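Here the structure comes first, spelled out in structure tokens, and everything after it is commentary.
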Amino acid sequence: MSGAVLSGRSGRVFRAAGWALFALYCAAVATIVFAPQHVDDNEAGSRLASLLDTGHAQGWLPGFITYASIEQLSNVIMFAPGGFLLMLLLFSRTRPWRRVGVITLSAVAVSAGIELIQTAMPERTGDPIDVLMNGTGAFVGSLFAWGIRAFLMRWRQ
């Protein structure tokens with residue numbers, strides 16, 4: 001599976017567009033993680049907490065769906081696109097499982113740095129669970145890209 005899905009000019013255009021998209025993704029993540037306040041410290045966060053409380057009190061929402069679980073899932077979702085894009089853009093001649101590992105460990109390292117910086121911000125807090133969830137997101141995103149790429153490689157043949 002070391003062959004390219006796209007080659008020549010179309011491959012160069014794809015890679016340039018992919019790196020541009022990754023830069024936009026990084027800017028969006030930076031805006032969220034380095035905001036002076038938690039993203040959910042507003043009316044929307046209060047509404048979500050109220051909705052969860054109502055759902056639990058009325059019995060139509062399972063107990064495992066909590067504010068914390070939604071926040072953890074949002075961390076997974078936030079890092080999945082980065083893992084997806086990096087899997088497609090990096091190390092195309094390297095074994096896919098190695099790319100998944102490098103991307104996941106890199107996401108964990110970046111996330112640890114983000115959480116460390118957040119502990120120094122007055123209105124923010126760092127959380128080691130976020131590091132794990134962000135790494136999980138990058139892992140899931142890279143596996144998804146690996147599967148799509150494998151499908152496209154087989155489809156071309």
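Readers should treat all values here as calculations from the given coordinates under stated rules, not as data from a laboratory. Computed from a predicted model, the values in this text were never measured in an experiment. All Cβ positions, glycine included, derive from the backbone under ideal geometry; neighbour counts span all protein chains shown.
Run through region 48-157 and list the chymotrypsin sites (Phe, Trp or Tyr not before Pro) located in a DSSP loop whose Cβ has at most 13 other Cβ atoms within 10 Å.
Trp60, Phe64, Phe91
About the Cα centre, and with charges only on the beta carbon of Lys, Arg (+1) and Asp, Glu (-1), how big is the dipole of the chain? Nearest 20 debye, please.
Here the chain has a charge dipole of around 1520 debye.
Filter the trypsin sites (Lys or Arg not before Pro) in region 61-157 down to the DSSP loop ones having no more than 13 other Cβ atoms within 10 Å, then list what survives. Write down the numbers at each step before the final one.
Numbers: sites: Arg93, Arg98, Arg99, Arg124, Arg149, Arg154, Arg156; in loops: Arg93, Arg124.
Sites meeting the loop and neighbour criteria: Arg93.
For a label point 7 angstrom out from the Cα of Thr31 toward its Cβ, which stretches of region 73-112 have the backbone nitrogen within less than 17 Å?
Under 17 Å, as judged by backbone N against the label point of Thr31, lie 78-79, 81-82 of region 73-112.
Say each of Ala109 and Leu51 gets a label point 7 Å from the Cα, pointing the same way as Cα to Cβ; how far apart are those two points in nm?
With each label placed 7 Å out from Cα toward Cβ, I get 3.8 nm.
Once the Cβ-Cβ distance between Ala17 and Arg154 is put in as r, and R0 is 25 Å, what FRET efficiency do you end up with, to the nearest 0.05?
Result of the calculation: an efficiency of 0.60.
For region 131-157 and region 90-119, what is the centre-to-centre distance using only Cα atoms, to the nearest Å?
14
To test your reading of the geometry: what angle, between 0 and 90 degrees and rounded to tens, separates the Cα axis of helix 96-120 from the longest principal axis of the chain?
30
Give the label of the value calculated from the structure for percent of Cα pairs over 21 Å apart, choosing from (i) 47; (ii) 54; (iii) 51.
Of the listed options (i) 47; (ii) 54; (iii) 51, (ii) comes from this structure.
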